Every structure is written in C-alpha cells, then in structure tokens.
Amino acid sequence: MDDGRSRVVIEGVSPEIDGGRFPIKRTVGERVVVEADAYTDGHDAISLVLLYRHDGEETWSETPMTPLVNDRWRGEFQVYELGRVCYTLVGWVDRFKTWTRDLRKRLDAGQDVQVDLLIGVQIIEESATRAPEIDARPMLAVASALRDNEQGAAERVFSPELTWLMDRYAVRHFEIRYDRELRVTVDPAIARFSTWYELFPRSASPEFGRHGTFRDVVAQLPEIAAMGFDVLYLPPIHPIGRSFRKGPNNTTTAEPGDPGSPWAIGAEEGGHKDTLPELGTLDDFSSLVSSAREHGLELAMDIAFQAAPDHPYVKEHRTWFRERPDGTIQYAENPPKKYQDIYPFDFESDDWRAMWDELKDVFIFWCQRGVRVFRVDNPHTKAFPFWEWCIAEVKSEYPDAIFLSEAFTRPKVMYRLAKVGFTQSYTYFTWRNTSSELREYLTELTQTEVAEYFRPNFWPNTPDILPEYLQFGGRPAFLTRLILAATLTANYGIYGSVYEALEATPLAPGREEYWESEKYEIRHWPLEPRQRMREVITIVNRIRRDNPALQSNESLTFHNVDNDQIIAYSKTTDDGANLILTVVNLDPHHVQSGWVELPLDAFGIEPSQSFQVHDLLGGGRYMWNGTHNYVEIDPHAMPGQIFQIRRHMKREHDFDYFM
C-alpha cells in the first residue's frame, strides 16, 4: 500500500498515448513538452519535477515543472540520442514554498513572525544536510541569521540564491511518483524532415526497350540529388514470379517478355533476400546504396511481405500460407480484385514464430547492406503484434532505421500502425482537395494527440493511385498538389518520372489506376519533356531546405480567406525568426483572388507597420499593410505563392531594415 501521507495528486498527463501503452515520437534534438494536472488538499504549495532518462542510462535527469493555471503544470526536456527515452513525474508538498508564501503575507500584514522564522530555520537546515559544503554554507548562514533574528534576516529568505538552493536540495517529504513510466521513440532527423523520389529501376535505362539496372540508377543519382531529394525509393527489387504473372494493365495473361509486377516476389532465383538478376547482383545493389549516400541520398527499399507462387517459401514453408479445401493456396484478394500472382502470409499459422523470425531477418539482411529506410507495403494486412515486435527488434539493433507505412485504410488502423512503431505514414492527402477538407484533416494531424505518434508523409500520386484531381487538372493540378504536399508537411514524396511527365491517363473512366502502369511493364521516360516540371520541383525543394519553418509540422496555422478556392497557411520556427506563408489556388482552371487575413500579433508585427513578403517561388517582392491583404493567383502561371514574411524593424540610427 502507498504511504497514506503522500498527498499530491498527479493526473491528466500529456503526452500519454493510450495510458502509456505506446511511445510518442521525436527526432534527435527535438523537445518533449510535458503537461500534467497536479494538486493537493488544503492550501499547501507543491513542487513537481519531470524525470527522464535514455534506455542506456541508470540515473534519471530531472527538470522542474512550471505552474500554468488551474493546477496545470508544464515542463520540457530535449532528446539527444537515438533509441528510447523514458519520462515520468514526481511531486511533493513543498514546505519551503508554503512557508515563504505565508511568511510574505504575515510580514506584509505586520504580524509577529518570530516563531515562523524558527520554523524556517528547521526547513532550511534540513535541506542543507543534502547539499555539499559549498552550497550548504550560504543556506546555513541564512538559517543562523533567522535564529538570531538579525535585522533584515526575514527578507533574505526570498533571495534568488536561497530559492534556487532550496529547490535543488529540497527534502521531498512523502513524494508521490506518477504510476507510469512513459516512453519516447527517438529517430534520426530524416524521420521528421525528408523529401522522397520514387523510381522503378527497371525503367531507368537511357536506351528505349532495354531493362534498366542498378548501374542505370547510379547514373541518375546526381540529377535526383540536384532536385533536392534526400530519399530515393525503389519498388521491390527481388526476383519476380512466373506463375500467374500479370501482363500489361493487370491482365491475367502475360506474354513472353512481360516483366510482371515487382510486388509478386519470389522465383527460382530467390526471394526477399535476393535481387532480380536483370537489375544486377547484391554487390551492384550495395554499390548503389553507397553511391546514393555519397550524393546525400538514403536508399529506401520496398518491403512487401507476400510471395509469388514460385517463391522458395511456398515450397519450404507451406504452413506459412493458408490452404483452401481443394488443397490449393489462397491467393490475395480484395473483392472484386484478384491477385493470383501473390500469396499472402498466414499470420495465424501454427508455425508463426518461425515465420516472424524469418520476416524480421529480411529487414536485418538489408540493414546489413546499408539500407536504413523501408517503405512497407500494405502493413494493415499483417498482424499488429508482429509489427510491434518486429520493428522494436530491428530498431534495437539499428536505431536509425525508418519505417514508412503504406496503408490506405481506415483511420484507426492507420493510427494503430503508427502507435506500434511505424516512423512515417501515408495519408488521405491524396483525396483531400478542397480548402475545408485540407484544413480539417491537417488540423487533426498536427494539432491533436495524433501528432505525438503519427508522422504524415504526403504523396500526390503513387503507382497505385492516379487521383481524379490530376486526371483533369493538367499541369496546374500537378503544381498545386506539389506545392501543398511540400509545404503542408515536412515529409513528402512524388512518384518521380510519372509526376514530372504529367502522366494522367486512367485505366478507364472513373478509375484511379494508370493506363499502361509501370507496375506491369517497363516504361521509357525521356528527360526533355519532364525538364520544365523538374525546374519547379527543384525550386520547391530548395525552399524547403532553406527555411526551417517548413521542416516540422507543429506550427502549421490556417488563415481565413474570403474565397474558398484559395487556401492560406503559415509555419514558423520556435524563435519566430523564419516565417513562411503559403497561399494556393485550389482551382486548376481559373484565376482566383481574395483577401487573406493574417494574425499580425502572432507574427510580431504592429498593425500600423508595413511588412515585406518575398515570393520565394515566383520571385516577386511586395509591401503589405494591415491584417487583410489581396492576392490574385493564375494557376496557368503558378498556382501558389510561398512567401517569406520579413518584418519591418527600426534601428537606433533611424534607418529601416527587414527581419
């Protein structure tokens, strides 16, 4: 039983995900801001401290928490190492704070405080026993002056020096510790801010009709890096099954020479730990990883836990798959869609433990070859307990590993995957097109508890998804979605060559799949027609890199516009030094205009001051005044403006400058 004399209550702690069941997420160098309700009975003052330590440390560090209002407290600490950090809270009735508070009231009322001073002597001397001699000496000097009732002694107890010493060496009588140790997963900075480029290596050949190779991808690295990307994502690079191989446009019959879908993994040449021979050897792949890193690029691999009928797993571990009554193995389905070229793993297999171990070893195998970033295909069709165990196991050995969840499914399922360990997540951004849709969705992602564990990664398109907005909006639509993805969130990506080429032909009217999809055939993408889009992409990515405000999500704030076809929002750094305002025309067909309302107080701008806005995308510079300013955006010129706001300041010598 707890000591009944422990009178402080600690509750309402945040961030705390599902009662501490799951960790929150941060990257190296970020703050963890913790709040809690803490109080006690009666009128005694209390103190509250925030404790934290890395998994590898035995002792706790602590920082005091500050009272806000209504018994709410706040404290913070920074995380500096990859891995896991624990945090909790400790509170106690603070006798010194209570005594000094009441003493001040008695002194101001002119009351006799002789006995009260002796009470203070006891409190100070008890704390002094906890201090080293250098700190105990000034504490005992104050206690002695109080005991002797020296002139001015009472005022000395309010000195900053004594207050600091008494906080540091407080005797925490009957302290109460919060009943949970909460956790933080600390990832590398690329988990918070990253820019992805997706490329099919088999389409990387500069020669029409030739199967691309890893070496062809190496040749493209300088161009991809020059555009400002830092993650190069490759769809599966493994041997592709021949049985039930899909033909162009997902036809069920493949002709000789049809390459099949890279997601139909496994053939006589090997499985998840092998490379497609046409792409190159494992050594060629390792060279690609090294070359990418030399260009400032991390290579992201696609991990799809499914097997083609020809995969060695099917022969060697048949119990890992679900068998139907006729003795055949159940292929993947999403009725009415059928994927005869893919067998899903059975996560209810009696041999589940061996299967888990092997699938974990797939990640370890590629980590050993230098890969640290993984895009995981359809994780929502695999068991949550597996992911929680597998990701923790991999990160215990490779704490810098990154896992992107490709799960376009129900919100609670997407959030659960993030809770169990996925570093980043695909989102519904692809289908959020109106101002109200974007505002509502981004508010949920950035301003609620979701932001503590779910890191969004915005993709305007994927090999699986050609959204309707892109099908009918032309180049303005592609630019609009690029600007939105790149500025609304700190992590975004594009399905590279297809996006640059403005590919927008659907498989059929009303379908969101590509005609002649690269998933089923090798495509050739000449550079020249894509160059114009590349120039804009390069500028957008440079803006992201040059402006720290765009490298996190927590400051995202939407601003009112009197035209629903225009959306406006800002981001800023903690110190306010970098302030970015983005204004986008969501109508890809027509010029739209309106008045943007800005919170000048929050921006640190006096209402009477003018301020400069510099359009980093278009190059224009404008002087704005007041809370309402006019914008007019022609989507056929450029559908958005990314403004750096420079506040008008005055120096002592009467000349102006902008900050």
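The values are calculated or read from the model by the stated rules, or taken from the named source; none is laboratory data. No experiment lies behind these values; they were computed from the predicted model shown. We place every Cβ from the backbone using ideal geometry, glycine too, and count neighbours over all the protein chains shown. SASA here: full protein model, heavy atoms, side chains in, ligands and nucleic acids out. Shrake-Rupley method; radii C 1.70, N 1.55, O 1.52, S 1.80 Å.
The set of residues from the stretch 36-48 being closer than 29 Å to Thr446 by Cβ and surrounded by 18 or more Cβ atoms within 10 Å (Cβ to Cβ) comprises Ala36, Ala38, Leu48. When Glu437 is tested against (1) over 15 Å from Tyr453 (Cβ atoms); (2) assigned to a loop (DSSP other than H, G, I, E, B), just one condition goes unmet, and that condition is (2). Residues in the stretch 247-273 that are within 17 Å of His211 (Cβ to Cβ), part of a loop (DSSP other than H, G, I, E, B) and of a type outside the set (A, V, I, L, M): Gly247, Glu255, Pro256, Gly257, Asp258, Pro259, Gly260, Ser261, Pro262, Glu269. When the stretch 61-83 is filtered for residues that are within 22 Å of Lys25 (Cα to Cα) and open to solvent by less than 70 Å² (accessible area, probe 1.4 Å), the ones remaining, listed by number, are Ser61, Thr63, Met65, Trp73, Gly75, Phe77, Val79, Leu82, Gly83.
For first residues located in the stretch 480-501 and free of Cβ contacts under 8 Å to residues at least 24 places away in the same chain, partners that are outside any loop (DSSP other than H, G, I, E, B) and open to solvent by less than 10 Å² (accessible area, probe 1.4 Å) and lie 6+ apart or on another chain with Cβ distances below 8 Å form the pairs Arg481/Leu470. One residue stands out among those in the stretch 538-558 that are aliphatic (A, V, I, L, M) and either assigned to a helix (DSSP H, G or I) or open to solvent by 30 Å² or more (accessible area, probe 1.4 Å) (or both): the one that is farthest from Phe193 (Cα to Cα), which is Ile539. So for the stretch 345-356 (the condition being part of a loop (DSSP other than H, G, I, E, B) and open to solvent by less than 20 Å² (accessible area, probe 1.4 Å)), does at least one residue qualify? Scanning the stretch 345-356 turns up at least one residue that is part of a loop (DSSP other than H, G, I, E, B) and open to solvent by less than 20 Å² (accessible area, probe 1.4 Å).
Condition check for Leu404 on (1) within 19 Å of the chain's Cα centre (by Cα); (2) farther than 27 Å from His559 by Cα; (3) part of a helix (DSSP H, G or I): one failure, at (3).
Across the stretch 375-394, the qualifying residues are those that are more than 21 Å from the chain's Cα centre (by Cα) and open to solvent by 50 Å² or more (accessible area, probe 1.4 Å), and the one among them that is farthest from Lys519 (Cα to Cα) is Pro385.
Here the stretch 471-517 is the region considered, the condition is being open to solvent by less than 10 Å² (accessible area, probe 1.4 Å) and among the charged types (D, E, K, R), and the residue that is farthest from Tyr197 (Cα to Cα) is Arg481. Listed by position, the strands (runs of 3 or more DSSP E) contained in the stretch 1-99 that have at least 2 residues being more than 30 Å from Glu388 (Cα to Cα) are 31-39, 46-54, 61-64, 72-78, 83-93. When restricted to residues that are surrounded by fewer than 23 Cβ atoms within 10 Å (Cβ to Cβ) and either charged (D, E, K, R) or modelled with pLDDT under 95 (or both), the stretch 195-227 contains 8. For the stretch 361-374, residues that are open to solvent by 40 Å² or more (accessible area, probe 1.4 Å) and either of a type in the set (A, V, I, L, M) or farther than 16 Å from Asp274 by Cβ (or both) total 1. Checking Ile119, Ile124 one by one, the residue that is modelled with pLDDT of 95 or more, open to solvent by less than 20 Å² (accessible area, probe 1.4 Å) and under 20 Å from Ser47 (Cα atoms) is Ile124 and no other.
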